[in-house]
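Below you'll find the structure, written out as structure tokens, and then a few comments.
The values are calculated or read from the model by the stated rules, or taken from the named source; none is laboratory data. All of these numbers come straight from a predicted model, not from anything done at the bench. Backbone-built Cβ (ideal geometry, glycine too); neighbour counts: all protein chains shown. Quick note on the areas: whole protein, heavy atoms, side chains included, nothing else; ligands and nucleic acids left out. Shrake-Rupley method; radii C 1.70, N 1.55, O 1.52, S 1.80 Å.
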Amino acid sequence: MTATSDDTLNQTPLHALHVELGGRMVPFAGYAMPVQYEGIIAEHRWTRDQAGLFDVSHMGQRFLVGPDHATTAATLERLTPGALGTLGLGRMRYTLLLNDAGGIIDDLMVTRSISEDDDGTLSLVFNAARKEIDDDYVRSALPDDVSLHAAEDRALLALQGPQAAAVMERHCAKAGDLTFMRATSAAFDGIDCHVSRSGYTGEDGFEISVAADKAEVLARTLLAEAEVKPIGLGARDSLRLEAGLPLYGHDLDETTSPVEADLSFAVAKSRRESGGFPGAERIRRELETGPSRLRVGLRPTGRAPVREGADILAPDGETIGMVTSGGFGPTAEAPVAMGYVAHAYAKPGTTLQVSGRRGAEPAEITALPFVPHRYFR
Amino acid sequence: MAATISYTKDHEWVRIEGDTAIMGITAYAAEQLGDVVFVELPEAGKALKKGDAGAVVESVKAASDVYSPISGEVVEVNDALDASPQTVNEAPETDGWLMKLKLADAGEVDDLMDEAAYKEFVATL
């Protein structure tokens, strides 16, 4: 962590605000990002109790633009196992970019245009560290009449927590009409934005895409509300871990299949038969006979957190998997982790051992999420 | 006269009381680590050399070794941290102490920084 390395980092449109608010800035996926303000545990609990504001402008906002919805959706369906052709106007879906071996190149959100006037456009949100890879991959598969555009002039904010809806409705009445995984274009105190009811914490909440030069005004307006505090990447990670949501680069990589990652819900039923996406054969086989390994939740029996990279051992000491995310869950009030184990050991309640820096310690396979989701459906 | 406290560049503090050394991590270290959720302490009787990793402090995100500022045998550890590890954040240089050592070489403390030197050192970081 040297001062000079910061010079080469990208900054989000809210950089000056983070610094003013006392955010501890760290490098993340090529950006200077706030890891915490007052402290990870306090920020985590505030988000579960009230509403937390996250800057996620480092993520890759993209528009996939074609002549009509059927064409654009079919283009993306050639790279993903989702049923995107049947996505309704203003509907959002979680999907996966897959390689030819059925491994996950990235996980992403896809939203169809809000209105018929600009139908034929899908909004995509890529992980920050995968933007360039995703761009190249999608572009390599584009027909002449579909193009991919980066929305580099837009910021992305997330407001998450049980008070998020009450706060949003004061400034953006249309936001309150949304249910989980729906989006709309709206005015926030007169500022044009694109709002969806979605997020990465397991809580009710919204993601707001707004022009970069309006992001700070919007953020300051939200932070002026008594229920809202700024939340850093540290709590974003502990919140998503408790919610059982995988993080690309840790819980997912190019060797992981959707079935192994327990993301089979993202493999649309209609496409299990028809195929036509990369790795379809492997995925069909794993759906039928079970994957060789499966992503699971893990609860260490003691108070000590286990960390990414720790081995998971069967009772006889054989290595059967690895921890891919681990830390302390402030709401669970206990250490929580996720990882991959051989399929035979994946049943919740199975007692295993994890072996990290302290040597072998007992842990139990636990159903995900650790903290129940509270989406507004 | 109050006992003097000495400091290391790794952000440990040590206070000498007779032939016993009480040690912990500094307020700067606690602030940098963030919320402490678990502290792993050695067994009483363990012999530590100056610079040995004697304890581990785990925050929400990461685990960090704590190095013994001096050589000696562990005579007592702060068991209260089992139930309330956050004391390391709340009072790092008092109630959040980690362990007591029976001094092996009282001269070693002369190699450490005094409070003024440590403050100056932290200001450069």
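A few comments on the model shown:
- Overall dimensions of the protein assembly as shown as given by Cα atoms, namely Rg and Dmax in Å: 25.3, 83
- Listing of region A:311-340 residues, each with accessible area lower by at least 30 Å² in the full protein assembly than in the chain alone (probe 1.4 Å): A:Phe328
- Estimated translational diffusion coefficient (Stokes-Einstein, Kirkwood radius over Cα pairs, 20 °C, 1.002 mPa s) of chain B: 150 µm² per second.
- Atom-type composition of the exposed protein surface of region B:10-106 places 45 percent of the accessible area on carbon and sulfur (1.4 angstrom probe).
- Simple spin-label estimate for A:Asp145 and A:Thr8 gives 4.4 nm between the two label positions (7 Å along the Cα-to-Cβ direction from each Cα).
- Chains B and A together, accessible area buried on both sides, 1.4 angstrom probe, square angstrom: 1400 Å²
- Computing FRET efficiency as 1/(1 + (r/R0)^6) for A:Ala226 and A:Asp118, where r is the C-beta to C-beta distance and R0 is 41 Å, gives about 0.65.
- Under 13 Å from the Cα of A:Lys131 - aspartates and glutamates, other chains or at least 8 residues apart: A:Asp106, A:Asp107, A:Glu152
- Taken per residue, the accessible surface of chain B reaches 49 Å², heavy atoms only and a 1.4 Å probe.
- List of region B:21-62 residues, accessible area with partners at least 10 Å² below that of the chain alone (1.4 Å probe): B:Glu31, B:Gln32, B:Gly34, B:Asp35, B:Val37, B:Phe38, B:Glu40, B:Val56, B:Glu58, B:Val60, B:Lys61
- In this structure, the amide hydrogen of A:Met322, modeled 1.01 Å from its nitrogen in the peptide plane, lies closer than 5 angstrom to those of A:Ile312, A:Tyr340, counting only residues at least 5 positions away or on a different chain.
- Cβ-placed point charges (K, R +1; D, E -1), dipole of chain B about Cα centre in debye, nearest 20: 140 debye
- DSSP-defined beta bridges in the protein assembly as shown - what % are antiparallel, rounded to 5: 95 percent
- Each 5 Å bin from zero holds the following percent of Cα-Cα pairs in region A:223-293: 3, 13, 20, 16, 14, 9, 8, 7, 5, 4, 1.
- Candidates A:Ser185, A:Ser198, A:Gly359 compared by Cα position along the dipole of chain A: farthest toward the positive end lies A:Gly359, with charges placed on Cβ.
- Estimated from helical segments only, the mean residue ellipticity of chain B at 222 nm is -4500 deg cm²/dmol, where each DSSP H run of four or more residues counts as -39500 (n - 2.57).
- Sulfur and carbon atoms: percent of accessible area, chain A [1.4 Å]: 51 percent
- Across region A:330-377, the mean sequence separation of Cα contacts (distance under 8 Å, 6 or more residues apart), normalised by length, yields a relative contact order of 32 percent.
- Fluctuation leader among A:Thr351, A:Thr86, A:Thr179 - chain A, Gaussian network, Cα springs under 10 angstrom: A:Thr86
- Based on DSSP H segments of at least four residues, each scored -39500 (n - 2.57), chain A has a per-residue ellipticity at 222 nm of -5500 deg cm²/dmol.
- Structure remark: mean-square fluctuation, Gaussian network model of chain A, C-alpha springs under 10 Å; the largest value among A:Asp251, A:Asp106, A:Asp213 belongs to A:Asp213.
- Whichever lysines have a C-alpha closer than 21 Å to that of B:Lys9, once near sequence neighbours (fewer than 8 apart) are set aside: B:Lys49, B:Lys50, B:Lys100, B:Lys119
- Solvent-free Debye calculation, one equal scatterer per alpha-carbon of region A:1-140: log10 I(q)/I(0) at 0.16, 0.18, 0.22 Å⁻¹ equals -0.94, -1.03, -1.21.
- For chain A, the solvent-accessible area with a 1.4 angstrom probe is 40 square angstrom per residue.
- Relative contact order of chain A, pairs being alpha-carbon contacts under 8 Å that are 6 or more residues apart, as %: 17 percent
- Other residues lying with their Cβ under 11 Å from the Cβ of A:Arg295 contribute a combined charge of -2, Lys and Arg counting +1, Asp and Glu -1.
- Each peptide in A:149-161, A:356-368 receives the mean, over its residues, of other Cβ atoms within 10 Å, and ordering these scores from highest gives A:149-161, A:356-368.
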